[in-house]
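The values are calculated or read from the model by the stated rules, or taken from the named source; none is laboratory data. Keep in mind that this is a model prediction, so the values were computed, not measured. Because the Cβ atoms are built from the backbone with ideal geometry, glycine has one as well, and the counts that use them run over all protein chains shown. In case anyone asks, the SASA skips ligands and DNA or RNA and just uses the protein heavy atoms, side chains included. Shrake-Rupley method; radii C 1.70, N 1.55, O 1.52, S 1.80 Å.
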Amino acid sequence: MSTVASGLALFAALAVATALFTRRAHLLYRIVRLGKPTDRSGDLGRRTKAEATVVLGQRKLLQRIVPGLVHAFVFWGFIVLAPTIVMALLGAVASEWTLPWLGHQGWYFLLVDLFCVLVLVGVVSAFLIRKVQRPARFEGSHLREADLILGLIALIVTTLLLWHASQIALGLNEWPAGWSPVSNALSGLFGDGDTTEALERVFVWLHVLTILGFLVYLPYSKHLHIATAGINVWFGRTRARGRLEPLDFEVEDEAALRLGSGSLVDMTWKQMLDTVSCTECGRCQDVCPAWATGKDLSPKLLIMGLRDRLFEEGPAVLGGGEATALVPGAVTDEVVWDCVTCGACVHECPVSIEHVDHIVDLRRHLVMSESRFPAEAGTMLRDVGRSSNPWGKAQSERAAWADGLDVRVLEPGDPAPEILYWVGCAASFDERARATARATATLLLRAGLDVAILGPRESCTGDPARRMGDEFTFQEQARQNVGTLGDAGVTRIVTSCPHCFNTLGNEYGDFGGDYEVVHHTELLAELLADGRLEAPAGEEAITYHDSCYLARHNDVLAAPREIVSRIGRPLEMARSGKRTFCCGAGGAHMWMEERGSAINEERAREAVATGAGTLAVACPFCTMMLDDGVKQTGGELRVADVAVLLAESLERG
């Protein structure tokens, strides 16, 4: 084939591939643009860092070293091999054409050979993992499409190696053949005659057409993440992970009022981008406590269901059609209510999908638009709105836990304390959790801090209502509390509840509340380090349970461990730190009946397996849930808050 004919053929192939790709890509872009607005601008430094570490560095994938390396080999390989696509396009027109400079560099072709081999190793390993090992996380994934993608990748790098080998055999290589050990070795399979000349043309054209076919197939497949993952990571959350986006109930145009996600057109554009970025890797499913205990929720299948609805209804909606209900059309009610909002899925996801935001928005629509939620949770919502706490107790009982302690109750007009102790509803009203409040207050007073509580003026932060989907009740509570704290002149808050810690520190800022919020373990660790509290060393074996809203959502990992290591001999559970396993109370599940196996029992068994005598916690909900879990599983393990253990240690000293 002449150079002109080859050029025309290549032009035609490029034109067809580009047209098919662009047509589909533009349709998907228009569908995503249907999404409601959400601000993901700014924070260029953090976004650039995320691209460098999560995308280029494959940080999240490498948390699991073997499958992580498998993917990294393929991903890094395509980055290194990208210039060879241009070389192949040029070489398809004329055998002697290549890129200036780079096409002559031996070191680059050494990298090409190396990464071709690594990509093939990655592809073979991926096949073995899927077909031989068969991990449960792939349950429900589109494995046939994944196999096709892997096959195309293998064909791309194989034809590249064979093309280079045939070039070396014919003396067409513009780089020193010795720099290409694999291609040079393969060149021995070929002679230097007409057959090899024909094969050289076959290899380069097969390589080019496979790449173009791959390009066309992507936007029509379930594996769009190859094109969208980097974009989704760029627009990922840069503010606190535990923060939920507030709804605006004061919009002037009622048509613009958004009450969560009822149908496709209610989703934000970022949520739509999430769905088409899913890799179906199942890492989220693998760490989900709901899935692990036999419930219907799989974060992966949730996103896949929403993506299927986007593909099915998106084109019709663009044409003026009506979008149908997401629940139960794309996602069942059980899936929506199974979530404990622990964030394990978000932490594991390699492409920055925000599963918790999807679930909370689905709940918001069900609760606020349809009044549809588990019956037992309705009592909690009514009590928060009526009694300012989910226990339905009288506000006059809020400070009863402090009877006999010299704790100042802040009255209107009193001077602001050095630090306000935000007790929270659990430690105010539950007998087991009250021990944490008493121990914390005792320790702070012993250290000589000027500390006070609000007593009856403290109201539920609204966290359980918000995670339940009742955003309106949450915002009422938030504004009331922000007003109370503002009137009291409070600037620094300590709390022993990670849920209050997250809400006060990360979410009240959206309503005018700007405070320095510390968790009680952080303050107690600081007081120990400063010598204002002194605890004798102990030898008791203690295993510490990381609260999801403390460790994963807010990065508080070191402080509680510093305390445990001062008063005992720490033993880590298999799942700890940011990869902790939920106690089962989050997402308002403290007030919902649980289906399937109990999450708290699963965690209790893991704690018992460490051989420790004490299970230390740093959350009142964890105290209650894990204490129940230990009792229900027949374990011989004491469950106590870190503050309680520290106070006991000081008393012994």
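Side notes on the structure shown:
- Residue identified as in a strand (DSSP E or B), open to solvent by 10 Å² or more (accessible area, probe 1.4 Å) and among the hydrophobic types (A, V, I, L, M, F, W, C) among VAL639, VAL644: VAL639
- Just one of the listed residues (ILE231, ILE303) is β-branched (Val, Ile, Thr), part of a helix (DSSP H, G or I) and open to solvent by 30 Å² or more (accessible area, probe 1.4 Å), namely ILE231.
- The residues on offer are THR341, THR332, and the sole one that is surrounded by fewer than 16 Cβ atoms within 10 Å (Cβ to Cβ) and either hydroxyl-bearing (Ser, Thr, Tyr) or modelled with pLDDT of 95 or more (or both) is THR332.
- One residue alone among LEU62, LEU69, LEU89 is assigned to a helix (DSSP H, G or I), closer than 24 Å to VAL117 by Cβ and under 17 Å from the mean Cα position of the chain (by Cα), and that residue is LEU62.
- For region 495-536, the tally of residues that are part of a loop (DSSP other than H, G, I, E, B) and either without any contact (Cβ under 8 Å) to a residue 24 or more places away in the chain or open to solvent by less than 10 Å² (accessible area, probe 1.4 Å) (or both) stands at 7.
- The residues of region 320-378 that are hydrophobic (A, V, I, L, M, F, W, C), out of contact with any Gly (no Cβ under 9 Å at 6 or more places or on another chain) and in a loop (DSSP other than H, G, I, E, B) amount to a single one, CYS349.
- Boolean, PHE21 is more than 30 Å from ARG241 (Cα to Cα), at pLDDT 95 or above, assigned to a helix (DSSP H, G or I) and touching a Pro at 6+ places or on another chain (Cβ under 7 Å): yes
- The set of residues from region 128-154 being closer than 27 Å to ASP296 by Cα, free of Cβ contacts under 8 Å to residues at least 60 places away in the same chain and part of a helix (DSSP H, G or I) comprises ARG130, LYS131, VAL132, GLN133, LEU143, ARG144, ASP147.
- Residue in region 44-57 that is in contact with a Lys or Arg (Cβ under 6 Å, 6 or more places away or on another chain), under 30 Å from PHE235 (Cα atoms), open to solvent by 40 Å² or more (accessible area, probe 1.4 Å) and not aromatic (Phe, Trp, Tyr) present: yes
- Qualifying residues in region 122-149 (those that are open to solvent by 30 Å² or more (accessible area, probe 1.4 Å) and of a type in the set (S, T, N, Q)) - the one nearest to CYS284 (Cα to Cα): GLN133
- Checked against (1) under 35 Å from the mean Cα position of the chain (by Cα); (2) polar (S, T, N, Q); (3) in a helix (DSSP H, G or I), SER6 meets all criteria but (1).
- Test: residue in region 407-416 that is within 36 Å of the chain's Cα centre (by Cα) and either open to solvent by less than 10 Å² (accessible area, probe 1.4 Å) or of a type in the set (Ser, Thr, Tyr) (or both): no
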